[in-house]
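Since the structure comes first, as structure tokens, the remarks are kept for the end.
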Amino acid sequence: MNVNATIIGQMITFIILVWFVMKYVWTPITAAMEARSKKIADGLAASERGQHDLELAAHRAEDIIRQAREKASEVIALAEKRGGQIVEEAKEQARTEADRLIAGAKAEIEQEVYRARESLRQQVAQLAVTGAEQILRREVDLKVHAELLASLQNEI
Amino acid sequence: MVEALKMLSPSDNPTMYIHDHLAYWKIGHGFWSLNLDTILIGALLALVIMWAGRKAAKDLTEVPTGLRNFMEMIVDFVDEQVRNTFHGRSKIVAPLAFTVFVWVFLMNAMDLLPVDLLDLLGNAMGLQLHARIVPSNDLNTTFAMSISVFILSLYYGIKAKGFGGFGKEFLYTPFGKYLMPFNLLMKLVEEIAKPVSLAMRLFGNMYAGELIFFLIALLPFWVQPLLSTPWAIFHILIITIQAFIFMVLTIVYLSMAYESH
């Protein structure tokens, strides 16, 4: 129960210890702990940001896919329309071509008929002339009656 | 040696045994004497704290392990206590609280060593030694800490409120300015009670704890473990609680110095 100079010694020990702890133990350890907790907080924030970015990217991808799908269906519709048009055009062309061919054939046939008639006429005329020649051999001079025969040929 | 062993045999003379064990290893006379046991063990434990603290602080690994982890646990615990109680700005309060907690804890923990250990060691080295192994069992230690804290709280009180504000607090509280002398008396008692109670509480608890160990040591050797083991286990609690109380009250007194009433 006796207080003596020991109290001074213990005070000195205590003060030195407090000073040492403050300078060389407490300050570096708390600084390191603070730095670490800041680092962890930063890491968490970064991960959250990453998560957010990922979500955004997913949204964007969805948008792009949707747009692509719309465009594709548009293209398909257009192609179908165009296809129909082409078929229609082809049909039209075929029809006109057919008409043209038919018309050509008809013209040719007419020409052929005309030509046949012409040659027939000539042959008939020839025949008539030959017949008349034989009949009139003696009395008709071919040269005299040529004009008459030509007019006859024209009349047939 | 033979004489020493005879002295240490408790059952021969219980009164002498207790008396011897309550004596400090003292040199010098009157006030200017030193309790070497208190000084040496206190300093030794302070060195242990410095060594361990420095070792932990130098460990710069990213993931704390071992000693570093343990130290950070204590630092975190103390820091939380300080944050909860002390709202002023001070760089010294938290490390002070840390030092108080750890040092007091270690000094108290010396109580768990066998009561005769130091005397036997001293006698083995040829010293006629009556020494006490628990430094917090010495009023010098507890008062050294509580008075240091008290002086610091006075310093902070004056720093936070100025001389005028600090003086006013002594004169005008708690009953207003018309009861000035009474206020001064009350305030003086209140202020002085702080370091005294702080020191006496720790001293009383540790003294009582040690005394129980002395008494158990007086019993026949086959009874001793039956009693000393539960008491030691219970004492672990007391050691920790007393260190914790000393730390918390240190923080509280310093924060009271900062805040005006």
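None of the figures in this text is laboratory data; all of them are computed from the coordinates on show. Values in this document were obtained by computation on a predicted structure and should not be read as measured data. Here the Cβ positions follow ideal geometry from the backbone for every residue, glycine too, while neighbour counts run over all protein chains shown.
Around B:L171, under 10 Å between beta carbons, what's the net of Lys plus Arg minus Asp minus Glu among the other residues?
Around B:L171, the surrounding residues sum to +2.
Going by C-beta contacts inside 10 Å, put B:M180, B:M110 in order with the fewest on the left.
Arranged by neighbour count, lowest to highest, B:M180, B:M110 become B:M180, B:M110.
Filter the GluC sites (Glu not before Pro) in segment A:75-142 down to the DSSP loop ones having no more than 15 other Cβ atoms within 10 Å, then list what survives.
A:E139
Cross-link list B:K91/B:K177; B:K159/B:K194; B:K91/B:K187; B:K58/B:K161; A:K39/B:K58; A:K39/B:K91: which exceed 30 angstrom alpha carbon to alpha carbon?
Details: B:K91/B:K177 35 Å; B:K159/B:K194 19 Å; B:K91/B:K187 28 Å; B:K58/B:K161 38 Å; A:K39/B:K58 19 Å; A:K39/B:K91 23 Å.
Over 30 Å apart, Cα to Cα: B:K91/B:K177; B:K58/B:K161.
Could you tell me which of rounded, prolate or oblate describes segment B:177-242, using a ≥ b ≥ c as the square roots of the eigenvalues of the alpha-carbon gyration tensor, with rounded for a/c under 1.5 and, failing that, prolate when a/b is larger than b/c and oblate otherwise?
It comes out prolate by the Cα gyration axes.
What FRET efficiency comes out for the pair B:M73/B:F182, r = Cβ-Cβ distance, R0 = 51 Å, nearest 0.05?
Once the sixth-power term is evaluated, E becomes 0.60.
Any chance you could check the Cα centroid distance between segment B:24-69 and segment B:100-153 for me, in angstrom?
Comparing the Cα centres of segment B:24-69 and segment B:100-153, I get a distance of 12 Å.
For B:H29, B:H19, what ranking results if the residue with the fewest other Cβ atoms within 10 Å of its Cβ goes first? Walk me through the numbers before you get to the answer.
Numbers: B:H29 8, B:H19 11.
Placing the least packed residue first, the sequence is B:H29, B:H19.
Determine ³J(HN,Hα), in whole Hz, for all residues of segment B:68-76 in sequence, where each value follows from phi through the Karplus function 6.51 cos²θ - 1.76 cosθ + 1.60 and θ = phi - 60°; x replaces Gly and Pro.
4, 4, 4, 5, 5, 4, 5, 4, 4
For segment B:144-261, state the average projected area of the convex hull of the C-alpha atoms over all orientations, rounded to one decimal in nm². List each step's numbers first, then the result.
On the way: hull surface 35.0 nm².
Mean shadow area of the hull around the Cα atoms is 8.8 nm².
For chain B, the longest stretch holding no GluC sites (Glu not before Pro) located in a DSSP loop with at most 14 other Cβ atoms within 10 Å is which?
Segment B:63-258 is the longest.
What net charge is computed for the residues neighbouring B:A23, neighbours being all others with C-beta under 11 Å from the C-beta of B:A23, Lys and Arg scored +1, Asp and Glu -1?
Details: positive: B:K26, B:R132; negative: B:D20, B:D37, B:D119.
Summing Lys and Arg as +1 and Asp and Glu as -1 gives -1.
How do B:V189, B:V48 line up, fewest other C-beta atoms within 10 Å first?
By the 10 Å Cβ count, ascending: B:V189, B:V48.
Excluding A:Q67 itself, what net charge comes from residues whose Cβ is under 12 Å from its Cβ, given Lys and Arg +1 and Asp and Glu -1? Intermediate values should be presented prior to the final figure.
Values: positive: A:R60, A:R66, A:R69, A:K71; negative: A:E62, A:D63, A:E70, A:E74.
The answer is 0.
In whole Å, what are the Cα extents of chain A along the three principal axes, biggest one first?
Sorted largest first, the three principal extents are 196, 26, 16 Å.
If a/c stays under 1.5 just call it rounded; otherwise compare a/b with b/c (prolate if a/b is bigger, oblate if not). Do that for segment B:61-153, with a ≥ b ≥ c from the square roots of the Cα gyration tensor eigenvalues.
oblate
Take chain B, drop everything but the C-alpha atoms, weight them equally and run the Debye formula without solvent; then report log10 I(q)/I(0) at 0.14 Å⁻¹ to two decimals.
Debye curve over Cα of chain B, log10 I(q)/I(0) at q = 0.14 Å⁻¹: -1.04.
Calculated from DSSP H runs of 4 or more alone, at -39500 (n - 2.57) each and per residue, what is the 222 nm mean residue ellipticity of chain B, nearest 500?
The per-residue figure over chain B is -25500 deg cm²/dmol.
How large is log10 of I(q)/I(0) for the protein assembly as shown at q = 0.06, 0.12, 0.13, 0.14 Å⁻¹ when the intensity is taken from the Debye formula with one equal scatterer per alpha-carbon?
-0.50, -1.08, -1.18, -1.27
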